[in-house]
1. Can you say whether PRO112 is over 21 Å from ALA285 (Cβ atoms), modelled with pLDDT of 90 or more and assigned to a helix (DSSP H, G or I), as far as the supplied structure shows?
2. Kindly check whether there is at least one residue in the stretch 53-67 that is touching a residue at least 24 places away in the same chain (Cβ under 8 Å), touching a helix residue (DSSP H, G or I) at 6+ places or on another chain (Cβ under 6 Å), in a helix (DSSP H, G or I) and not charged (D, E, K, R).
3. Restricting to the stretch 1-16, give me the number of residues that are more than 22 Å from ALA82 (Cβ to Cβ) and assigned to a helix (DSSP H, G or I).
4. When both residues are 6+ apart or on different chains and their Cβ atoms are under 7 Å apart, which pairs have a first residue that lies in the stretch 122-149 and is surrounded by 15 or more Cβ atoms within 10 Å (Cβ to Cβ) and part of a helix (DSSP H, G or I), and a second that is modelled with pLDDT under 85 and of a type in the set (A, V, I, L, M, F, W, C)?
5. Surrounded by 15 or more Cβ atoms within 10 Å (Cβ to Cβ) and small (Gly, Ala, Ser) - does that describe any residue in the stretch 54-64?
6. Quick one: would you say GLU44 is under 48 Å from the mean Cα position of the chain (by Cα) and either in a strand (DSSP E or B) or not hydroxyl-bearing (Ser, Thr, Tyr) (or both)?
Amino acid sequence: MKPLLDSRQLHAFSALARRGSFTLAAKDLFLTQSAVSHALKALEKDLGCRLVDRVGKRVQLTEAGREFLRHTENILREMQAARSEMESLSKWDHRHLRLTAGSTACQYFLPPVLRAYQESFPDCTIKIEPGDHRRQLELLRASQVDMAFIFEPPAPAVDDLVFAPIFEDELSLIVSPKHRWAGLEQVPRDAIDAETLIVANRTGYTFRALNDYFREEKILLSNFIELGSIEAMKELVKLGLGVGVAAPWVVRAELDAGTLVALPFGARPLRRQWGIAYWKGRRLAAAEEALIRLCGTMAETLGLRAPRAVA
């Protein structure tokens, strides 16, 4: 199999065909006349045919030369288009951040992170696609986003992804200060299945983890109120209509104000690992690496638990 055509030889032939002169072609290419002549001879030898005829100081294309010029122009056009597209993508990579995140992260964690991010990268446009855990993975695998701020997925689900852990949190039962559990250090196991749990989304990652946890504890959960947001959950819990489930850092303002109380699940904690996922083998831009660092800084500021190491 013959080697691929040399782009430098193609440029020399194209310039020679356009200018009809070795001298002028060499001037256009910032080369010596002998360099252009050598490139043409090497190209003709490689192709096994004569491409130009010398007529005095001018050159004319042979029939083979006219046919090959058509291919040459197409090849050079494609090469230029490829270069332009890569340059455009390179600029886009530094000026755009495409991220997906769940509602809790969008509301309680990311705003100060993104504010600090834009101070460092003022020309960068940030696009955030909301979605639950499953939707986030779909967006990432469809290349509609570049990164996902997400809970750590089960190992088989991330074989094609890198998961950079940011922090770990622990879920608590959230009650009104007037609730009968409010003064307890630990909720009686036999009281949990009789209570109404208020959750933001019964199809999300947190609810599945919650259901699995209580199934292992031999506790049957049957009474639920499903809402669309953590804020709505807080208000219903304050009214005494049930018990919420959330990480204390999400309801910190209410805990500090005494309008809500957080209680542990029991001796065995229910923890979630948060981090940023992206395609395995993909090289992150400096701006994307900066986002991961800013998320880590924010987690430290909030006093959140350092993440477990990911195998």
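The values are calculated or read from the model by the stated rules, or taken from the named source; none is laboratory data. Note that this is a predicted model, so its numbers are computed, not measured. When we count neighbours, we look across all protein chains shown, and the Cβ atoms used for this are built from the backbone with ideal geometry, even at glycine.
1. yes
2. Scanning the stretch 53-67 turns up no residue that is touching a residue at least 24 places away in the same chain (Cβ under 8 Å), touching a helix residue (DSSP H, G or I) at 6+ places or on another chain (Cβ under 6 Å), in a helix (DSSP H, G or I) and not charged (D, E, K, R).
3. 1
4. From the stretch 122-149, the pairs are LEU137/ALA157.
5. For the stretch 54-64, residues surrounded by 15 or more Cβ atoms within 10 Å (Cβ to Cβ) and small (Gly, Ala, Ser): present.
6. No: the conditions fail for GLU44.
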